[in-house]
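Notes for the one structure printed next.
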Amino acid sequence: MNKKQAKERIEYLRKTVEYHAKKYYDDDEPEISDFEYDMLMLELRNLEKEYPDLIVDTSMTQHVGGTVKEGFQKVEHKIPLLSMQDIFNIDEIIDYVEKITERAKKENIENKNFVVETKIDGLTASLEYKNGEFVRGSTRGNGLVGEDVTENLKTIKSIPKKLNENIDIEVRGEVFISKKDFEKMNQEREENEEELFANARNAAAGSLRQLDSKITKTRPLDIYVYNVQEINGKEFNSHYEELLYLEKLGFNVNPVKIFCKTVEDVKNAISKIGEDREKLTFGIDGAVIKVDDLKFREVLGTTAKSPRWQIAYKYPPEQKETILKDIICQVGRTGVITPMAILEPVKVAGSTISKTTLHNEDFIKEKGLKIGDTVVIQKAGDVIPEIVKVVENKRTGNEIDFEMPRICPVCGAVAVREEGEAAVRCTGIECSAKLFRNLVHFVSREAMNIDGLGENIINELLERKLINNIEDIYTLSFEDVASLKKNGTKFAQNLINSINASKQNDLYRLITAFGIRHVGAKASKVLARKYRNMDNLANASFEELSQINDIGEVMANSIREFFTQEQTKELIQKLKDAGVNMECLEEQSDDNRFEGKTFVLTGSLELFTRKEAEDIIEKFGGKTSGSVSKKTDYVLAGEDAGSKLTKAQSLGVTIISEAEFKEMIGEK
């Protein structure tokens with residue numbers, strides 16, 4: 001490679017690394033694996049080493065990645081929180097240790113020892129204490145300026161609020177989520193149809209950098225402390241001595257810290273950590289080799305980006321080949337159908353892998369997977385098994401293409417993939433795989449509003465097989481309900497009364513309760529007013545539905561798919577038999593004085609509740625919106641109206657009071 005080619009490659013690598021560094025450090029949404037990123041950085045570093053005149057200060061090899069997120073106070077680090085240089089093979093380890101040892105001899109340093117620790121896969125944090133009290137915590141940021149995340153760090157139980165000694169100290173640690181907690185988090189997110197975290201590090205970083213500490217509190221964050229940044233009133237000679245003192249103060253110190261005297265000790269320590277990494281309760285992305293003598297560290301100093309007294313060894317991800325025996329589909333609680341790879345069992349990173357998720361049909365097509373393929377798998381972040389690629393040269397011609405089902409494998413209802421979405425979903429309302437979620441929605445306040453029938457009670461009813469579908473709610477007996485609680489007579493009577501009362505609900509509530517995709521409470525009211533009863537709605541054509549204001553083609557398609565299902569027809573008939581109202585109870589009006597008009601409500605209303613005002617507007621053919629725009633016709637402003645009123649004034653939107661609204665609807 002000549003210098004011109006090297007320059008072009010360096011420029012490409014810098015842009016690529018900067019992009020992925022931003023995704024990793026700032027957005028907590030990496031698009032490539034740590035290993036792929038490390039290899040890009042390694043190539044860039046080697047090229048800059050070969051052509052030092054091409055090095056610029058803005059290169060990622062010269063500074064720490066990361067910026068301060070908007071919304072956080074900035075914290076200037078008195079002692080910079082620098083990153084580490086990475087190495088990737090044993091020869092580099094030997095070379096590093098030998099050079100440091102040789103330098104120690106020249107400087108007449110007696111303590112030529114090292115400490116090898118696990119490189120925890122998380123987010124760096126600084127903790128500051130005054131007189132033993134926790135006063136401030138911050139992220140690393142760019143090493144010089146970080147984010148004040150004190151309130152978020154206070155939610156982590158393993159961070160002591162008060163130390164065992166009244167001392168001024170700043171320590172550095174790594175916030176992380178354990179492997180077990182991470183698996184549990186992703187399992188819950190999958191069930192709730194939320195995007196999965198790519199790895200534990202991203203989950204920890206995103207959780208710590210939440211602007212609302214209440215969200216952070218719900219995340220299972222932990223921390224290991226591994227360094228004294230600054231301390232008043234005490235002096236130490238060695239790093240290992242510091243770690244023992246940190247434990248004495250009450251800190252949760254990195255549990256893997258191996259004292260080493262020779263190159264062989266360091267090699268053995270790294271080998272030992274590599275062998276035991278799958279047994280660790282937390283994820284690691286390497287091992288750190290640190291000089292033990294603190295005064296020698298001062299002699300060695302730092303570069304612009306990293307200390308010379310420590311270096312990180314990165315373990316390569318373990319990959320194995322196996323056979324993709326089959327692809328089966330599982331239906332989640334929200335109806336999403338997820339393909340699952342069934343693999344010839346193979347041991348990777350200490351555990352036997354026999355299956356892994358394939359996410360969706362796009363993932364299968366991108367990887368070019370066929371049933372019978374030889375595939376390469378690895379564990380992402382030492383936790384989640386994933387298929388990396390197909391070994392195409394091992395294909396025999398007997399491999400089978402896979403197609404996502406268009407019929408739900410559990411209930412037989414139509415399965416659809418809507419435009420712009422990756423997921424294929426079951427449309428059956430009585431699908432047993434998503435029954436719990438459907439029941440919770442059916443009885444919710446916005447839908448049938450059955451007070452007392454919460455998630456715990458629904459779970460209990462399902463476990464005892466007292467209900468097996470939605471219509472069974474209306475066949476529950478007093479004795480069935482009373483059996484759920486000790487001395488449950490009063491509870492049972494209240495719940496039975498609430499169930500019976502729900503039979504008299506307006507039609508729009510039942511439409512909402514069905515949970516038709518894209519159809520919320522507002523659209524349900526539009527449909528109820530338009531069709532007046534359930535039979536008319538069930539027989540409405542796609543063309544007719546799609547012409548209704550606020551419905552459109554996407555919603556019309558969902559409505560037709562729902563009402564053509566045999567499950568839906570059977571459910572409606574059973575609800576009719578149970579006495580559930582199927583009629584619109586709202587008085588029909590030909591007065592459409594607000595037709596085509598959009599209202600925004602803001603501030604505290606005195607003459608109407610917000611819901612009453614919205615119902616009146618909708619009754620007269622208008623609609624309400626939550627935000628002001630040029631398309632807004634009226635802003636109904638109450639007391640203490642805020643930014644919406646200001647925006648309406650700037651856009652010239654008509655602003656009305658409650659008194660003016662009363663005149664518009666014909667009330668005095």
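Numbers for the structure displayed
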{"quantity": "Partners for residue 347 among lysines (Cα-Cα distance below 18 Å; same-chain residues under 8 apart left out)", "calculated": "179, 279, 320, 325, 355, 379, 389"}
{"quantity": "For the chain, calculated [θ]222 nm from helices alone, where every DSSP H run of n ≥ 4 adds -39500 (n - 2.57)", "calculated": "-10500 deg cm²/dmol"}
{"quantity": "Per-residue Cβ neighbour rank within 10 angstrom, fewest leading, 584, 329", "calculated": "329, 584"}
{"quantity": "Paramagnetic reach from residue 589 in the range 644-668 [backbone N under 14 Å; point 7 Å along Cα→Cβ]", "calculated": "661-668"}
{"quantity": "Cα gyration tensor shape for the range 598-664, rounded if a/c is under 1.5, else prolate or oblate", "calculated": "oblate"}
{"quantity": "Dipole magnitude of the range 82-313, debye to nearest 20 (Cβ charges: Lys/Arg +1, Asp/Glu -1, about Cα centre)", "calculated": "420 debye"}
{"quantity": "Neighbour-count ranking [beta-carbon atoms within 10 angstrom, fewest first] of 434, 184", "calculated": "184, 434"}
{"quantity": "Relative contact order, percent, the range 82-313 [alpha-carbon distance under 8 Å, six or more residues apart]", "calculated": "32 percent"}
{"quantity": "Interchain or long-range residues, amide H under 5 Å from residue 348's placed H", "calculated": "353"}
{"quantity": "Rounded to whole Hz, the Karplus (6.51, -1.76, 1.60) HN-Hα couplings of the range 208-217, x for glycine and proline", "calculated": "6, 9, 6, 6, 10, 5, 5, 5, 4, 4"}
{"quantity": "Antiparallel bridges, percent of DSSP beta bridges restricted to the chain (to nearest 5)", "calculated": "85 percent"}
{"quantity": "Top positive-direction residue, dipole computed over the range 82-313 with Cβ charges, set 84, 203, 125", "calculated": "125"}
{"quantity": "Dipole in debye (nearest 20) - the range 598-664, about Cα centre, beta carbon charges: Lys, Arg +1; Asp, Glu -1", "calculated": "400 debye"}
{"quantity": "Loop-resident sites, the range 230-301, for GluC sites (Glu not before Pro), counting at most 14 other Cβ within 10 Å (DSSP)", "calculated": "235"}
{"quantity": "Dipole of the range 544-596, positive direction: furthest Cα of 545, 594, 578, with charges on the beta-carbon", "calculated": "578"}
{"quantity": "Beta bridges per DSSP with both ends in the range 598-664, % antiparallel, nearest 5", "calculated": "10 percent"}
{"quantity": "Full-stretch length increase - residue 465, residue 330 - with 0.36 nm per residue and alpha-carbon distance subtracted", "calculated": "46.3 nm"}
{"quantity": "Rounded if a/c under 1.5, otherwise prolate or oblate - the range 192-270, Cα gyration tensor axes", "calculated": "oblate"}
{"quantity": "Normalised contact order of the chain, rounded percent, pairs of Cα under 8 Å and 6 or more residues apart", "calculated": "9 percent"}
{"quantity": "Cβ crowding within 10 Å averaged over residues, with 315-325, 334-344 ranked highest first", "calculated": "334-344, 315-325"}
{"quantity": "Inverse of mean 1/r across different Cα pairs in the range 450-535, Kirkwood, Å", "calculated": "14.3 Å"}
{"quantity": "Among 313, 116, 363 - extreme Cα towards positive end, dipole of the chain, charges at beta-carbon", "calculated": "116"}
{"quantity": "Segments 483-493, 133-143, 465-475 sorted - mean Cβ within 10 Å per residue, highest first", "calculated": "133-143, 465-475, 483-493"}
{"quantity": "Per-residue Cβ neighbour rank within 10 angstrom, fewest leading, 598, 216", "calculated": "598, 216"}
{"quantity": "Unit charges on C-beta of K, R, D, E only; dipole of the chain, Debye", "calculated": "820 debye"}
{"quantity": "Global size of the chain as Cα Rg and Dmax, reported in angstrom", "calculated": "31.5, 98"}
{"quantity": "Global form of the range 215-321, assessed from the alpha-carbon gyration tensor, a/c cut-off 1.5", "calculated": "oblate"}
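No lab work stands behind these numbers, since they all come straight from the coordinates. Remember, predicted model here, so these are calculated numbers, not experimental data. Cβ coordinates were reconstructed from backbone atoms using ideal geometry, including for glycine residues, and neighbour counts include every protein chain displayed.
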